[in-house]
Amino acid sequence: MTSRSLKTFAPLFLYLLWAVLRFSLMLKIRRIVFQGFELGAAERILFSHLLIVLEAAILVLPYLFLKKLNWIDGFHVLGNTRQSVRRGTLYGLLLFVTVVPVALYFGMRFSFQFSLPGVVGNLFSNGAEEVIYRGILFSAALSLFRKPWLAVAASAFAFGFGHWDFPYLFQAYIVAVGFVLGWLYLRTKSLLAPYIAHMIADILADSFFH
């Protein structure tokens, strides 16, 4: 294969690997553990979040290898910290506001119910998701298309499809959230901003809607 062909194949390989991990391996591991062990509600929540961290850990290894070969672009983890925190907090609150009509449309019950296992799980799995979607898959799409907004779109659709266990309309909403988080990454050149926004929106949504 020529160098150009390899640089085209590398991003596609990462998307294919992500799909295999997300829709095959992680589901099989989850099914084996849930059927083979008696886990409480909190343990199930934490294990489900742990699988996302495992998915990111597996995916990051070939990404680093391909990046070392200069077959794929890198991504920024930390940029302007103050700007990232400010923008992440603002957009996290705005995302929660958009969750309200969506949750009511799907008949979710409004009541405050704080879940420590859920917060702890999100603390790690949201970071893993940002590495996967706004990091690795965004960089893969940018390497392939060379257009930032196409990279945002590709990673946003992957983000929506990755939440396969939600209704289709809710997945469409998650795609829209993916666009916002991708835009935040573009503006701040940092995964910190979308991570903070993701955390705030998830914690508030999980605490108030069930």
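Do we find that Leu54 is closer than 28 Å to Ala19 by Cβ, assigned to a helix (DSSP H, G or I) and in contact with a Phe, Trp or Tyr (Cβ under 7 Å, 6 or more places away or on another chain) in this structure?
No; evaluated as a whole, the condition is false for this residue.
Would you pick out the residues in the stretch 74-84 that are over 20 Å from Ala128 (Cβ atoms) and surrounded by 13 or more Cβ atoms within 10 Å (Cβ to Cβ)? It would help to see each step written out before you state the result.
Pass one, the stretch 74-84, residues over 20 Å from Ala128 (Cβ atoms): 80-83.
Once the filter is applied, which keeps residues that are over 20 Å from Ala128 (Cβ atoms) and surrounded by 13 or more Cβ atoms within 10 Å (Cβ to Cβ), the stretch 74-84 yields Asn80, Gln83.
Which of the following residues is on the phi < 0 side of the Ramachandran plot, at pLDDT 90 or above and aromatic (Phe, Trp, Tyr): Phe166, Phe124, Phe112?
Phe124
In the set Phe23, Phe106, Phe9, which member is at pLDDT 90 or above and under 23 Å from the mean Cα position of the chain (by Cα)? Spell out how you get there, then give the answer.
On the way: Phe106 fails: at pLDDT 90 or above; Phe9 fails: at pLDDT 90 or above.
Phe23 is the lone residue from the list that is at pLDDT 90 or above and under 23 Å from the mean Cα position of the chain (by Cα).
Could you list all residues from the stretch 61-89 that are assigned to a helix (DSSP H, G or I), farther than 21 Å from Lys147 by Cα and touching a helix residue (DSSP H, G or I) at 6+ places or on another chain (Cβ under 8 Å)?
Listed by number, the residues that qualify are Pro62, Thr81, Gln83, Ser84, Val85, Arg87, Gly88, Thr89.
Which number in (1) under 12 Å from the mean Cα position of the chain (by Cα); (2) closer than 22 Å to Thr89 by Cβ marks the one condition that Ile203 misses?
So Ile203 meets the others, but not (1).
The values are calculated or read from the model by the stated rules, or taken from the named source; none is laboratory data. If you're wondering where the values come from, they're calculated on a predicted model, not measured in any experiment. When we count neighbours, we look across all protein chains shown, and the Cβ atoms used for this are built from the backbone with ideal geometry, even at glycine.
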